[in-house]
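Heads up: the structure comes next, in structure tokens.
The values are calculated or read from the model by the stated rules, or taken from the named source; none is laboratory data. Just so we're clear, the structure is a prediction, and the values are computed from it rather than from any experiment. Here Cβ is always computed from backbone atoms with ideal geometry, including for glycine, and neighbour counts include all displayed protein chains. Heavy atoms of the whole protein, side chains included, go into the accessibility calculation; ligands, DNA and RNA do not. Shrake-Rupley method; radii C 1.70, N 1.55, O 1.52, S 1.80 Å.
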Amino acid sequence: MRSINKKKIIRKRKAERFAVLSGLALVVLSIGVALVVAIFFKVDKITIKGDKVYADNEVILQSGIETGDSLVLMKEEKINEMLTKKLPYIDKITLDKKLPDSVTITVTATREIVAFQNGAGFVLVDANGKILDDNASILRDNVAVVN
């Protein structure tokens, strides 16, 4: 009986050691991946493509992307939301990350399709109902005017 109990105890200790070592290995691996992401894959080059509604440096500034930011941690949805709020003539953006150090922002523009009379000016609205300008004085061709 004693030999059976000893074997069980030995097996139990081996299983415990394996669990502890596996957990430790997982922690070390996680820290290693985090360090690689933090040290490597930093933004060095930002390129703007697509519709040229705003100057490239204005799009870069309003996107919040800076050199030294992590490419891996960058969120396209967040950047898209920031740019479409701050720069109204941008409909959406596409973010293309190229490892190890560059990011390309492709801009898709929107334009006004209807203008509402607002005193001496106009409120310009795009096809999605987004207000582009609330005090425009000049209208483009092919913009419907609502008095």
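Summary of values
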item: Where a residue in the range 1-23 is part of a helix (DSSP H, G or I) and its partner, wherever it lies, is open to solvent by 100 Å² or more (accessible area, probe 1.4 Å) and of a type in the set (S, T, N, Q), with Cβ under 9 Å and at least six apart; result: none
item: Single residue of the range 91-102 satisfying the filter (under 11 Å from the mean Cα position of the chain (by Cα) and of a type outside the set (D, E)) that is most open to solvent (accessible area, probe 1.4 Å); result: K97
item: Residue that is nearest to the chain's Cα centre (by Cα), among those in the range 17-65 that are charged (D, E, K, R), surrounded by 11 or more Cβ atoms within 10 Å (Cβ to Cβ) and closer than 20 Å to K98 by Cβ; result: K42
item: Every pair of residues 6+ apart whose Cβ atoms lie under 8 Å, when the first sits in the range 25-47 and is free of Cβ contacts under 8 Å to residues at least 60 places away in the same chain and within 15 Å of L73 (Cβ to Cβ) while the second is among the β-branched types (V, I, T) and open to solvent by less than 100 Å² (accessible area, probe 1.4 Å); result: V37/V72; K42/T67
item: Any hit, the range 82-90, residues being surrounded by 13 or more Cβ atoms within 10 Å (Cβ to Cβ), of a type outside the set (S, T, Y) and either in contact (Cβ under 8 Å) with a residue 60 or more places away in the chain or over 30 Å from D141 (Cβ atoms) (or both); result: yes
item: Options R2, R17: the member that is at negative phi and at pLDDT below 90; result: R2
